[in-house]
Structures are given as C-alpha cells and as structure tokens.
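The values are calculated or read from the model by the stated rules, or taken from the named source; none is laboratory data. Values in this document were obtained by computation on a predicted structure and should not be read as measured data. Ideal geometry is used to build each Cβ from the backbone, glycine not excepted, and the neighbour counts take in all protein chains shown. Heads up: the accessible areas ignore ligands, DNA and RNA and are worked out on the full protein's heavy atoms, side chains in. Shrake-Rupley method; radii C 1.70, N 1.55, O 1.52, S 1.80 Å.
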Amino acid sequence: MRALGLQSSFFTVVVCCAAACVVPGRAAAEEASPFLKFYCAECHGGATPDGGLSVEDLRFDAADPASFAKWVRLFDRVRKQEMPPKDQPQPTAAEREAYLKQLETKLHAASLERQLREGRVLVRRLNRNEYQNTLHDLLGITTDLKSLLPDDNTVAGFDNISTGLETSAVHLVRYQAAADKALAEALPVGPILNEAHRWTGRQFLDSRPKPNREGTAPFVRFEGDTLVLCALLYKHGSVTTRAAPIDGRYRIRASVRAVNNEGKPIPVLIGKISSDRFAHERLEHILSIQDAPAGKARVVEVEADLPRGEQIYIEGQGLTFFNDLKKKLDGKPVGDAYAGPGLAVDWIEMEGPLDAGVGYRRLFDALPQVPSRYLADTLAGKPVDGSWKKWPYPGEYSKYPLTPVSRDPQADAARLMRAFLPRAFRRPVSDATAEYFIQVCTDQLAQGEIFGDAMIAGYKAALCSPRFLMLVEKPGALDDFALASRLSYFLWSSQPDDELLAIAARGELRKPDVLKTQTERLLNDRKAERFVANFTGQWLELRKIHDMKPDAMYVEYDEKLAWSMPEETRSFFKEVLRHDLPTSSFLHSDWLMLNERIAKHYGIPNIDGMDFRKVALPKDSHRGGIVTQAGILKLTTNATYTSPVKRGAWILERILGLPPSPPPPNVAAIEPDIRGAVTIREQLALHKSVASCAACHVQIDPPGFALENFDVVGGWRDRYRSKEGGGSNQYVALVNYPERKVWLAKPVEASGETAAGESFRDIDAYKQLLLRDPDQLTRNLAEKLLIYGTGAVLQFSDREAVEQIVAEARAQKHGFRSLIHAVVRSRVFQTK
C-alpha cells in the first residue's frame, strides 16, 4: 500500500462531499473516495487483487445483496482496524473515523429504506417446536407432533429464523398427518374427567403383586399408613402411579420425608417408565429430583405430559436394592426395624388429565355427544335404547366412541368455525376467509358426512392453512395482533392466549405501559419455561449437552452429575432473569445455583440434597457465571479431550458476540495427543505458524487457553489426565473424589495474551479483562434476543437500534430482565 501525505482537513471535506452525492440504492463508483484509493488500492487493485476484492471495480449497489454484503464487511474490517493490515501504513484516527461515518450513513440509509419497503422478516413458518406448542395450547392436547415433521435448519444459532425455515412438499404432507393426529386426540372417545387418585403408602404396597411384598421386612415397613422404604424393591424404585388412562398432562404429588439419615435429606427422583430405550441415555426419563427433608414431610410435585399407558415412579436416591442390601448385611441381625436410612411415603397422588375437555370445547362448544353406533342406528331408523346414557358403565353403546351431534348442522358449522378461526389464525378473519372454511364443512355435509366428520374436515383445512402455519406480517410497524404473536412466540414459543388477543383487539397492546405489563405477565407464566429451555438450549447449546458421553477415564461422571449439569445452568439463567441481575453475571458472578452433586464436583462443602439453591462462592473459587459451569465446559469439549479452539470460538460467538471467521480450507484440525505426552499448546503453536490461521487464532486461543484448567467434565485440574501408563506414572486420587484415582500427565498452562496484547495468568484474570466492557456483553445478548425474538438475522440498520437497547439497559445497570423489556420496546422488535 502507498502512504500519501493527505491532510486530515482536506480528507474530511472530500469524504463529506462524496457522501452527499450518493443516493441509497443506486450503484455509485467509489473512485472519489480518497480512503480506499490511498490505503487499499495497492493490495485490492490491479489484475489480481487480494482476496478477490478490487476497490477499483467496487460499486455501491444497495439493491444487490452480494454487493451490499461486501460493503458491510469492508466497513467492519476497517472499524475493527483489521484493514489496512498492521504491517501496512495506517490512516490517522480522524481519517478512519471520517470514512467510517460516511460509509455508515450510506449503509444505514440503504438498509433502513429497504426494511421500510420490504420488511426485515420474511414470511416465516412455525418451526417444529412452535407448531407443537401451538396445537397443544389451542386444543389442550399433549401428543407428540414434532417428530412427524422434518428437522428445522439452524441460522445464526437458532432454529426459528425465517431464512432457514423453507417449506417443502414433505412438510405439506406431514402437516396433514399431524393435523389428523392432533384433532383425533382433541376428540374424546368417551367422557373425560379430571380425576385425582390418592393412595396411602400402605394402600400402595398392598396393591402390588404378592412377590413384590413378601420377605421385604424389616427393610420395608409401615408406620401407621406410611410406607418406609429402606431399600429399592425393583427396577423403578418402589412407588409407581397407575398408568395414564389417556394422553394428557398430569400432576403427580407425594408426601415424603427422610428417616434415619443423620438429619440430611434424601433426594427423590420422579421419573417416567418410558418405552423409549434411548430416553435413559438422554436422561429424558427424569422429570425432577427434589429433596425429602429429614423430620417434617414435604410434598414433592411435578407436572408431566404422559402418553396413554405411561407411569410415573418415585425413587429414593442413594438407597440400595433390596437383594444387594441383604447380601451386604450377610445375615447379620437387624432387629424388627432396620435402622438404616429410608424414605417415608405418606401418600402419592395422580391428577389429570388437567386439560380434560378443552379440545372438545374449542372445536364443538357445548354440543352433545352420543355413541357413534347410536347415531348410526338413529339415522338408519333402527330401534335404539338409552343404555348409552349410563356411560361409562357397561352397555351396548359404551363400546363405541362418542361423536358430536347438532340439531342444525349448517348453523352450527358456521358458528363454530367463526369462533375457531380467529383463535387458530391469531387475529380476526374476514367474512370471505370464514366462508371459505365454512364451505369446506357444508360441502362435506352435502356429501352425506356426519356432522362431526364434516367439522373435522374444515378444522383440518384450517390447521394446514398458511394462515395457521405461517407468521405473516405487513411491512412497517406491526399491528397489535402481529405484535401479540411476536411477543408470545418470543417468550412462550406459542400462540397468544385469550387475554393477549383481547388486548390486541382493543388496540391497546402498543401502549408502553400495557406492553410492559403483558411482557411481565408472560415472563411470570409457567409457559415461560419454554423460553428458558429454548433460548438457553440454542444460545448456549444446552441441547447438545448429552450428545457425547465422556471417556471412561473420567471416572467421576455419573447420572446425577449428568442430570445436574444443564439444570445448574437453567437455574442460574432463571435467577438472573427473575431478579434482573446484570448481564455480566453470565460471564462472572460471586454466587452459583448449586445442589449437592454439583457442589461436590466443585469442591464446595456443606451442601446437602439435590435441590438447587443460591450459594455464595468462596473467595478462592475459580467458578462464577456460566462459562465455568460444568455443563458448559462439557458441551464445549470432545468426549476424550478439551479443545481450546472449540472453547475459544464458543466464548467469542456465544458470550462476546465476536464470532471468528471460519477456518481456511485444507487446514487440518488439531488432534490432541491423548497420551498426554504433547500438550495442546505445543500443537497449536505449530498450527498458528500457518499465516492463514494466525489472524483468527490470535482471537480464539486466549479464551480457550484461559479455560484449560477445566477438564472434559468441567472439573478443575492442574495437570492433564491420561490413559493408564500414558504421559506419566502418577496415579493419584482426585481432589474432590478421594475414593477415585486417575493417571496424570503434563501440567496445564492456562496463561496467555489477548489480541490487544494484555497478559493473563488464568481464567480469573481473563474474566476481569472482559468485565471492563459490560456494554459488549449486553450488546451480544441484545443481538441474540432480537434474532431469536423476531425470527430474522440482524441487518445493518438494526445496529442503531441495538445501541439504543444497550443504552437503555446501561441505565438499568445492565439488568437482564430490563434488557428483555428494552428489546420488546425496540423498533426492530415492533416492525416487520
């Protein structure tokens, strides 16, 4: 590159004149730009320009996405001072700032003009998760629907982005099958009642087969009607509910307490007896683990979607199987009452289905139902009797499913469809739209179909309509109904409820105080658990946490730890959200949400039980935030070894919002020496000697090496672990697991230097460097929330809105809950 003596004042005048002559959206030559000519043309000019980018031929054409993207990349490279390269003459700060201001003005104006004309979010269909949640909430059902649909593509880290949600012929066929399944579940074959069944501990055991009860004393005994279990009797604990009579959502409660356990609680696992053989590997059989305290009983409770025939079991964790306990005692006398630890169960209760009848009422209101055989006999003029009215007691007609009947099918079809469509389509419908779907029903009636089947045909057509499957918005500001849907799919991954739609119908949702109140209501609702699961599952990649099981050399890894890992992170996320704690908490905090198993893993004493609770960290702890949580550290590694490159890239992309460029082609990946003879730092030093790799590794490696003190399962280490006889002859006990020994190899090196040249010795020092810029941590989360909340990647003109959101959050001490409110108030969230 050439360095020409251009005075800053003259440069500024030329730049401003050039900016004034450019009309957004029109191709314009950049030859008049002194900045590009004097600082870039040397390398990016001539017959063979570097990187294939020639500034001599570059034209500003906002209508051409490829051209516009080049200009955005150029802007970002200059802003980050990556261009011109460090080894080339540099512009003055004033020159750089003037050029960036001029180019930013052009890019912002062109991007915003296009948004106002076309909108920033394409028409987007519901993804699999949103589709299932919407039908569950609409029809009061729980059946699995998303497994019927093809997988969704991921764009910018999320699976709800419009550009990745294509619709194929396969989708259309699968939507029909899913609609059939959903409507079938919503229609009861017989009377459905929300019933609660309770058994005392004694009633439960007395109901079990005799072989399950004989010879179990004194390890199983009664205290009045309370069942005391000092041993596990069979595979799924000792207490199971009845099988779910139909698919539905059920509430399971049990009164439990710990006995003879030195004043400590006994964790109670509440799980499903699932027919899915992979559910256990994915820990999907575990619904919850809650503590049974010593002394006073506690009612543990969980709600779960159960398929027909599935049962729930509760199990006292840490108790021994009956036969193993007998062998352990080896005939030693134990007396009439075994004095070992036990779980006392006063009673267990199962209630449900909780949404009984919701689906039928949504589809058929209060129309009566009769057995299908009764209706057929009546229509055929055959003699009938009233035995079906004794349902569900035995009778000829009780063998047949119920079907709705109408005295005026034409009128009821119109009435029911007009009531259903606004709820299904999430907004009022025109008379023409309503008449179309009513006609589907009346055509079926004209062809001789019974009323119930004719209505199902109309409902199926509606549920396969683009108005149901798609979120369609007009360019410009969202109307109240579109805003209601955007808000509910953001925080609930589902449709607006009746209250939100009613507010939209009154035209009040856009009022700031109303919108704030509704955002708070949605965040406080049980359905906001979907936001916690979906957002953390994708932003932090928690969905992938059980994709790989650690190598056998990580002997401390067990099911309790595996279950606790993602629960710790979700509990931490909820605590930050609930109390509006600063976004910097995700990077570092002086507290964590811990249970006994995670606390043992971290070497933190005096935490009993599996309930998560907020715990202040010791001053010398290396934990705090999410980046040093075991689950995050596990999912950012491979099964056998840690990777500073993988972890570093994860920190840059997920926490800092500064994603690295993809690696160049034909560069081999690092394969660590699992014997421990050569450290990853030694291998990466060779890797970085490749010029094409060095520019990115100077960004990626620092956070990756800062985390090297954490092993594959997130435990602290000073030395690498190896296979037996590997990098050393040291066979030592683990600090937090003195009962277990491992082979150790070379010492860990966690020090490094940032791209800015600042040194750090370990993760604690590295965190402090990052905490100096809380705005960037907030900016990253604002961008992630906007992408997830709107279903579209950010465009150049959105950057201005992001900075406004960051400023609002800064005024609220960077509170995470405040940040969500700022996102919802933003122009980007409230426009197409």
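Only helical DSSP H runs with n ≥ 4 go in: add -39500 (n - 2.57) per run for the chain, normalise by residue count and round the 222 nm mean residue ellipticity to 500 deg cm²/dmol.
Working: 28 runs with 326 residues, N = 832.
Calculated at 222 nm, the ellipticity per residue is -12000 deg cm²/dmol.
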- Task: List every residue whose amide H lies under 5 Å from the amide H of residue 125, counting only residues 5 or more places away in sequence or on a different chain, with H placed 1.01 Å from N in the peptide plane.
- Result: 471
- GluC sites (Glu not before Pro) within the stretch 140-241, DSSP loop, no more than 10 other Cβ atoms inside 10 Å: 214
- About the Cα centre of the chain, how large is the charge dipole given +1 on each Lys and Arg Cβ and -1 on each Asp and Glu Cβ? Please answer in debye to the nearest 20. 780
- Message: Could you derive backbone 3J(HN,Hα) for the stretch 260-269 from the dihedral phi with the Karplus parameters 6.51, -1.76 and 1.60 (θ = phi - 60°), listing whole Hz in sequence and x where the residue is Gly or Pro?
- Response: 6, 10, 6, x, 9, x, 10, x, 10, 8
- Item | Answer label for Cα Rg over 2.2 N^0.38 Å (calculated), chosen among [x] 1.66; [y] 1.12; [z] 1.08 | [y]
- Message: Under 5 Å between amide hydrogens, which residues at least 5 positions from residue 617 or on another chain qualify, with H placed 1.01 Å from N in the peptide plane?
- Response: 591, 592
- Query: So what are the ³J(HN,Hα) numbers for the stretch 102-107, from phi and the Karplus equation (6.51, -1.76, 1.60; θ = phi - 60°), rounded to whole Hz, Gly and Pro as x?
  - Reply: 5, 6, 4, 4, 5, 5
- Message: Using a Cα-Cα cut-off of under 27 Å, which lysines could be cross-linked to residue 746, ignoring same-chain neighbours fewer than 8 residues away?
- Response: 549, 600, 634, 646, 688, 723, 767
- Task: Pop out the carbon and sulfur fraction of the accessible area of the stretch 718-800 as a percent, whole number, probe 1.4 Å.
- Result: 46
- Relative contact order of the chain (C-alpha contacts under 8 Å, at least 6 apart) in percent is 11
- Message: Please compute the per residue accessible area over the chain with all protein chains in place, 1.4 Å probe, rounded to a whole number of Å².
- Response: 45
